[in-house]
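Chemist: The structure's right below; bear with me while I get my questions together.
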Amino acid sequence: MPYKTFTLRERPDREDDFEQLSDASWPRFLRQQDALGYGQYWPRLFTTWADWQLLIVDEMGPTIAATHAVPVVWNGTVEDLPSSIADILRRAQADHDAGRAPNVLCALAAMVATRFRGKGMSAIAVRAMLDLARAHGLRALIAPVRPANKSQYPLAPMERYARWTNEDGLPFDPWIRVHARLGADIVDVAPRALIILGTVANWERWTDMRFPDSGPYVVPGALQPVIIDRQADEGRYEDPNIWMRHAI
Ligand SMILES: CC(C)(COP(=O)(O)OP(=O)(O)OC[C@H]1O[C@@H](n2cnc3c(N)ncnc32)[C@H](O)[C@@H]1OP(=O)(O)O)[C@@H](O)C(=O)NCCC(=O)NCCS
């Protein structure tokens, strides 16, 4: 498929496509406010960090895929990995404000438009981020990967799921596999990349489910159960990710 890659800085006319892709990519409950606060930094992706947001565009016109990432300073240790999406953005902003030169690119999301899925475009999106990092002289691409099929196994601990493999020895999860095929390795689990809190009524609206009792619930699109507390009138969901690193 003929395509071209642009930064948002080069194609500001495509800014709305990020929002459209996001709407088509994430379950509704995940598009709510993150209790860890990434929302306060997110708008800066479209201004300060416009050079790091990528659009993969079909030569005939439509946007095929888009990626979000920010450059950060990382010392290469597991301990120094950001703890959440909010922490990634907070650090990127602090590095930027302090004038520290970043040494790695940190991915935040990769989204393929629904009609272009299943055609191998996800590897092209990751490669585009790798090329961008390389062009800026960065030494790695790190990514809090949200495994594509984990929601089918919500009861498996992420530490174990991350290590599941197929007969060919490649990772079981297709999205982890895309990264692994491109040379990335698993560095750690990020148990709480996002935290979504809401009233029971909020959760019922976000999921089209009923939660008559307190306890853990398996919810479509959630990587682990949502915990409902009827007495406190609260539902809590922590989105776990897997840190992967592509050396450059
Ligand atoms: C995850 C996502 C990026 C994958 O993109 P894609 O272009 O559809 O995937 P590809 O065609 O490149 O295929 C990648 C792998 O997934 C597999 N795959 C594709 N569609 C699949 C499906 N519906 N079910 C299971 N596996 C699937 C492919 O077989 C391939 O694995 P293989 O190379 O070992 O055969 C895309 O589905 C998406 O945008 N999802 C919503 C956002 C998201 O979850 N992003 C990732 C977290 S940031």
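The values are calculated or read from the model by the stated rules, or taken from the named source; none is laboratory data. What you are looking at is a predicted structure, and each value in this text was computed from that prediction instead of being measured. Ideal geometry is used to build each Cβ from the backbone, glycine not excepted, and the neighbour counts take in all protein chains shown. When the accessible area is computed, the model is the full protein with side chains, heavy atoms only, and any ligands, DNA or RNA have been set aside. Shrake-Rupley method; radii C 1.70, N 1.55, O 1.52, S 1.80 Å.
Chemist: Which residue, of PRO71, PRO82, is touching a helix residue (DSSP H, G or I) at 6+ places or on another chain (Cβ under 9 Å) and either β-branched (Val, Ile, Thr) or within 16 Å of the ligand (Cβ to nearest atom) (or both)? Talk me through it step by step, then tell me what you get.
Modeler: On the way: PRO71 fails: either β-branched (Val, Ile, Thr) or within 16 Å of the ligand (Cβ to nearest atom) (or both).
Residue meeting the stated conditions: PRO82.
Chemist: What single numbered condition from (1) open to solvent by less than 40 Å² (accessible area, probe 1.4 Å); (2) more than 16 Å from the ligand (Cβ to nearest atom) fails to hold for LEU105?
Modeler: Condition not satisfied by LEU105: (2).
Chemist: If LEU155 passes every condition in (1) surrounded by 21 or more Cβ atoms within 10 Å (Cβ to Cβ); (2) of a type outside the set (Ser, Thr, Tyr); (3) away from the ligand (no atom under 15 Å from the Cβ) but one, which one does it miss?
Modeler: (1)
Chemist: How many residues does the stretch 2-34 hold that are of a type in the set (Ser, Thr, Tyr), open to solvent by 60 Å² or more (accessible area, probe 1.4 Å) and out of contact with any strand residue (DSSP E or B) (no Cβ under 6 Å at 6 or more places or on another chain)?
Modeler: The number of residues fulfilling the criteria is 0.
Chemist: What's the total number of residues in the stretch 202-248 that are of a type in the set (A, V, I, L, M, F, W, C) and free of Cβ contacts under 8 Å to residues at least 24 places away in the same chain?
Modeler: Total satisfying the criteria: 3.
Chemist: Just for the stretch 128-148: of the residues that are within 22 Å of GLY76 (Cβ to Cβ) and open to solvent by 50 Å² or more (accessible area, probe 1.4 Å), which one is nearest to the ligand (Cβ to nearest atom)? Can you show your working first?
Modeler: If we filter the stretch 128-148 for residues that are within 22 Å of GLY76 (Cβ to Cβ), which is where we start, we get 129-145.
Adding the requirement that they be open to solvent by 50 Å² or more (accessible area, probe 1.4 Å) leaves 131, 134-137, 139.
On the way: ASP131: 17, ARG134: 20, ALA135: 22, HIS136: 21, GLY137: 25, ARG139: 22 Å.
This residue is ASP131.
Chemist: Let me ask something additional. Could you check how many residues of the stretch 176-203 are open to solvent by less than 30 Å² (accessible area, probe 1.4 Å) and over 18 Å from the mean Cα position of the chain (by Cα)?
Modeler: Selection size over the stretch 176-203: 3.
Chemist: Something else now. Can you pull out the residues in the stretch 142-197 that are without any contact (Cβ under 8 Å) to a residue 60 or more places away in the chain and under 14 Å from GLN224 (Cα atoms)?
Modeler: If the condition is that a residue be without any contact (Cβ under 8 Å) to a residue 60 or more places away in the chain and under 14 Å from GLN224 (Cα atoms), then ALA148, ASN149, GLN152, TYR153, ALA156, PRO157, GLU159, ARG160, TYR161, VAL189, PRO191 are the ones that fit.
Chemist: Considering (1) open to solvent by less than 50 Å² (accessible area, probe 1.4 Å); (2) under 22 Å from VAL70 (Cα atoms), say which one ASP173 fails and leave the rest.
Modeler: (2)
Chemist: OK, next. Can you list residue pairs whose Cβ atoms sit under 8 Å apart, with the first residue in the stretch 122-138 being touching a residue at least 12 places away in the same chain (Cβ under 8 Å) and the second being open to solvent by 70 Å² or more (accessible area, probe 1.4 Å) and within 16 Å of the ligand (Cβ to nearest atom)? Count only pairs 6 or more apart in sequence or on different chains.
Modeler: ALA123/ARG181; ILE124/TYR3
Chemist: Any idea which residue in the stretch 110-127 is least open to solvent (accessible area, probe 1.4 Å), counting only those that are of a type outside the set (A, V, I, L, M, F, W, C) and more than 6 Å from the ligand (Cβ to nearest atom)?
Modeler: By that ranking, first place goes to THR114.
Chemist: State whether one or more residues within the stretch 181-202 are part of a helix (DSSP H, G or I), within 16 Å of the ligand (Cβ to nearest atom), within 29 Å of TRP49 (Cβ to Cβ) and of a type in the set (A, V, I, L, M). Outline the logic, then answer.
Modeler: Within the stretch 181-202, the first condition is being part of a helix (DSSP H, G or I), and the residues that meet it are 181, 200-202.
After this cut, where a residue has to be within 16 Å of the ligand (Cβ to nearest atom) as well, the list is 181.
Add one more test, that the residue is within 29 Å of TRP49 (Cβ to Cβ), and what stays is 181.
Now drop any that are not of a type in the set (A, V, I, L, M), which leaves none.
No, that holds for no residue.
Chemist: Which condition does THR47 not pass, out of (1) under 20 Å from CYS106 (Cα atoms); (2) open to solvent by less than 60 Å² (accessible area, probe 1.4 Å), if it passes all the others?
Modeler: Here THR47 clears every test but (2).
Chemist: Which residues, taken from the stretch 148-173, are of a type outside the set (D, E, K, R) and in a helix (DSSP H, G or I)?
Modeler: Of the stretch 148-173, the ones of a type outside the set (D, E, K, R) are 148-149, 151-158, 161-162, 164-166, 169-172.
SER151, GLN152, MET158, TYR161, listed by residue number.
Chemist: Filter the stretch 24-36 down to the residues that are more than 11 Å from the ligand (Cβ to nearest atom) and either assigned to a helix (DSSP H, G or I) or in contact with a His (Cβ under 7 Å, 6 or more places away or on another chain) (or both) and list them by number.
Modeler: Going residue by residue through the stretch 24-36, those that are more than 11 Å from the ligand (Cβ to nearest atom) are 28-29, 31-36.
ARG28, PHE29, ARG31, listed by residue number.
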